[in-house]
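Enquirer: There's a structure below that I have some questions on.
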Amino acid sequence: MLGEYPISGRGAAEIAASVERAVGAGELEPGQLLPPMRELATRLGVNPNTVAAAYRTLRERGVIETAGRRGSRIRSKPATTGRELLHVDVPAGVRDLSDGNPDPALLPPLAPALAGAAEAGDREPVLYGAEAVEPELARIARAALDADGVPAGPLAVLSGSLDAIERVLAAHLKPGDGVAVEDPGWGRTLDLVPALGLRTVPVSVDDEGPRADDLRRALESGARALIVTDRAHNPTGASVSAPRARALSAVLRNHPQTLLIEDDHGHGIVDLPLHPLAGVTHHWAFVRSAAKAYGPDLRLAVLTGDSVTVDRVRGRQRLGPGWVSRLLQRALVRLWTDGAVDGPAVAAAYRTRRTLLIDALAERGVPAHGRSGMNVWVPVPDETAAVARLLHAGWAVSPGARFRLNAPPAIRVTISTLRAEEVDPLADAVAKAVGTVPVRTYV
């Protein structure tokens with residue numbers, strides 16, 4: 001053990017592993033400065049190049065960051081901790097509006113679809129060497145993408161949106177590259193990017209999506225990729241409008257080498273039209289997942305993109321899991337073709353719940369955002385105090401710190417199961433928790 005630093009080891013891998021263990025155990029805290037490489041090498045009795053290799057590994061894994069002569073320190077949100085730790089422990093009797101889950105009552109029963117898919121599998125077993133994508137799923141998915149104006153491209157099937165995003169990033173980028181991410185944005189993405197050894201470059205978001213001027217700044221500063229949520233943005237509910245899509249496309253045309261990744265996880269639960277950016281840059285990927293409409297345990301997303309990107313993703317997939325279960329793919333086909341989910345009705349249910357809460361908050365002088373999806377984003381002067389006061393009042397919401405980099409404080413309220421009779425009591429509690437102090441919106 002190294003004095004005040006819980007670092008040990010003789011080889012680079014051992015040193016890096018000891019730092020990761022210490023971060024995970026809380027012995028090395030976010031923002032804590034690490035010893036200079038030569039000093040650590042002397043105290044451990046190893047070559048400085050060994051420590052340099054360990055630090056490089058830690059940077060690539062998103063555990064530490066290095067700022068030249070200012071040294072290396074644990075990242076403020078190291079990949080070993082994850083934003084899931086920034087959550088609220090919900091006591092018994094407290095109404096939980098923090099989890100980000102869909103309404104179970106609006107999810108379809110999976111048993112008939114899975115049973116039908118299993119019967120089809122018994123008649124026609126999927127064996128090694130079979131196609132990775134169920135032909136009927138490819139046909140239906142492609143028709144839906146065509147209808148939404150997504151450019152033609154080959155298809156792959158991955159295990160959810162995040163799996164697809166990770167594989168696309170890994171297919172094109174190297175450690176140290178910058179990725180323009182929405183701020184606020186999906187917490188898992190904000191964890192994933194540094195975990196891959198990439199740099200997050202925040203782009204501010206308003207109700208119509210990422211701001212074009214911020215995207216221009218990010219790309220001019222060297223960001224090599226952009227991840228954008230088309231609809232049902234988590235946590236703000238933003239949806240890319242037609243004017244914003246044109247503005248973003250104009251910026252991207254001036255940076256054609258940018259890797260563009262679009263996430264349309266809101267497909268099937270949103271009643272706002274899609275305005276895709278795909279095809280503006282040389283390399284692009286468009287991801288459409290089933291989790292929000294059909295249930296988080298249906299781990300399946302359809303990916304399309306330019307031929308180089310999809311081919312690289314397929315190639316790495318073949319070397320790993322091989323394919324996503326054709327049983328699940330066939331089950332999704334049955335859910336699609338049987339009309340198991342009434343998309344417009346689900347979208348209307350979520351819209352009604354969002355609107356009721358946003359209007360009730362507005363009546364109490366509290367601005368809030370939520371154009372689409374299952375969440376409402378409420379700017380607050382002090383999110384820690386707001387979360388604590390709401391918890392004391394019987395309401396659990398998510399702290400905005402899970403979803404933001406430079407954006408101002410806020411709370412996220414998941415409205416997916418919010419009942420009409422709960423709206424006014426919740427709005428009263430939020431207004432009381434926020435107080436009368438003026439707050440900035442997230443735009």
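The values are calculated or read from the model by the stated rules, or taken from the named source; none is laboratory data. Keep in mind it's a predicted model, so treat the numbers as computed, not measured. When we count neighbours, we look across all protein chains shown, and the Cβ atoms used for this are built from the backbone with ideal geometry, even at glycine.
Enquirer: Pull out all pairs, ordered by first then second residue, where Cβ-Cβ is under 8 Å, the residues are six or more apart or on different chains, the first lies in segment 317-335 and is within 11 Å of Ala156 (Cα to Cα), and the second is β-branched (Val, Ile, Thr) and not in a helix (DSSP H, G or I).
Expert: Trp323/Val133; Trp323/Val157; Val324/Val157
Enquirer: Follow-up. Of these, Leu33, Leu40, which one is in contact with a Lys or Arg (Cβ under 9 Å, 6 or more places away or on another chain) and without any contact (Cβ under 8 Å) to a residue 60 or more places away in the chain? First the steps, then the outcome.
Expert: Working: Leu40 fails: in contact with a Lys or Arg (Cβ under 9 Å, 6 or more places away or on another chain).
Of Leu33, Leu40, the one residue that is in contact with a Lys or Arg (Cβ under 9 Å, 6 or more places away or on another chain) and without any contact (Cβ under 8 Å) to a residue 60 or more places away in the chain is Leu33.
Enquirer: Looking at Pro194, Pro202, Pro210 in this structure, which one is free of Cβ contacts under 8 Å to residues at least 40 places away in the same chain and either in the same structural domain as Gln257 (by TED's automatic domain parsing) or crowded, with 24+ Cβ neighbours inside 10 Å (or both)? Step through it out loud before you land on a result.
Expert: Numbers: Pro194 fails: free of Cβ contacts under 8 Å to residues at least 40 places away in the same chain; Pro202 fails: free of Cβ contacts under 8 Å to residues at least 40 places away in the same chain.
Sole residue among the options that is free of Cβ contacts under 8 Å to residues at least 40 places away in the same chain and either in the same structural domain as Gln257 (by TED's automatic domain parsing) or crowded, with 24+ Cβ neighbours inside 10 Å (or both): Pro210.
Enquirer: Is one or more of the residues making up segment 292-302 touching a Leu at 6+ places or on another chain (Cβ under 7 Å), outside the structural domain of Glu422 (by TED's automatic domain parsing), in a strand (DSSP E or B) and at pLDDT 95 or above?
Expert: Among the residues of segment 292-302, at least one is touching a Leu at 6+ places or on another chain (Cβ under 7 Å), outside the structural domain of Glu422 (by TED's automatic domain parsing), in a strand (DSSP E or B) and at pLDDT 95 or above, which makes the answer yes.
Enquirer: Could you tell me which of the residues Arg314, Arg330, Arg318 is farther than 20 Å from His172 by Cβ and in the same structural domain as Val126 (by TED's automatic domain parsing)? Give the derivation first.
Expert: Values: Arg314 fails: farther than 20 Å from His172 by Cβ; Arg318 fails: farther than 20 Å from His172 by Cβ.
So the residue among Arg314, Arg330, Arg318 that is farther than 20 Å from His172 by Cβ and in the same structural domain as Val126 (by TED's automatic domain parsing) is Arg330.
Enquirer: Looking only at segment 76-98, filter to residues that are at pLDDT 70 or above and under 19 Å from the mean Cα position of the chain (by Cα); which one of those is surrounded by the fewest Cβ atoms within 10 Å (Cβ to Cβ)?
Expert: Restricting to residues being at pLDDT 70 or above and under 19 Å from the mean Cα position of the chain (by Cα), the top hit is Ser98.
Enquirer: Only residues that are more than 22 Å from Leu198 (Cβ to Cβ) and in contact with a strand residue (DSSP E or B) (Cβ under 7 Å, 6 or more places away or on another chain): list them for segment 41-58, please.
Expert: Listed by number, the residues that qualify are Arg43, Leu44.
Enquirer: Let me ask something else. What pairs can you find where one residue is in segment 142-159 and of a type in the set (Val, Ile, Thr), the other is assigned to a strand (DSSP E or B) and modelled with pLDDT of 95 or more, and their Cβ atoms are less than 7 Å apart, with a gap of 6+ or different chains?
Expert: Correct list of pairs: Val150/Phe286; Val150/Thr304; Val157/Val302.
Here's the yes/no breakdown for (1) touching a residue at least 60 places away in the same chain (Cβ under 8 Å); (2) outside any helix (DSSP H, G or I); (3) at positive phi; (4) of a type outside the set (Lys, Arg):
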position: Ala113; (1), (2), (3), (4): yes, no, no, yes
position: Ala117; (1), (2), (3), (4): yes, no, no, yes
position: Asp122; (1), (2), (3), (4): no, no, no, yes
position: Pro125; (1), (2), (3), (4): no, yes, no, yes
position: Val133; (1), (2), (3), (4): yes, yes, no, yes
position: Asp163; (1), (2), (3), (4): yes, no, no, yes
position: Ala170; (1), (2), (3), (4): yes, no, no, yes
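Enquirer: With respect to the numbered conditions (1) assigned to a helix (DSSP H, G or I); (2) within 20 Å of Val240 (Cα to Cα), which one is the sole condition not fulfilled by Ala407?
Expert: (1)
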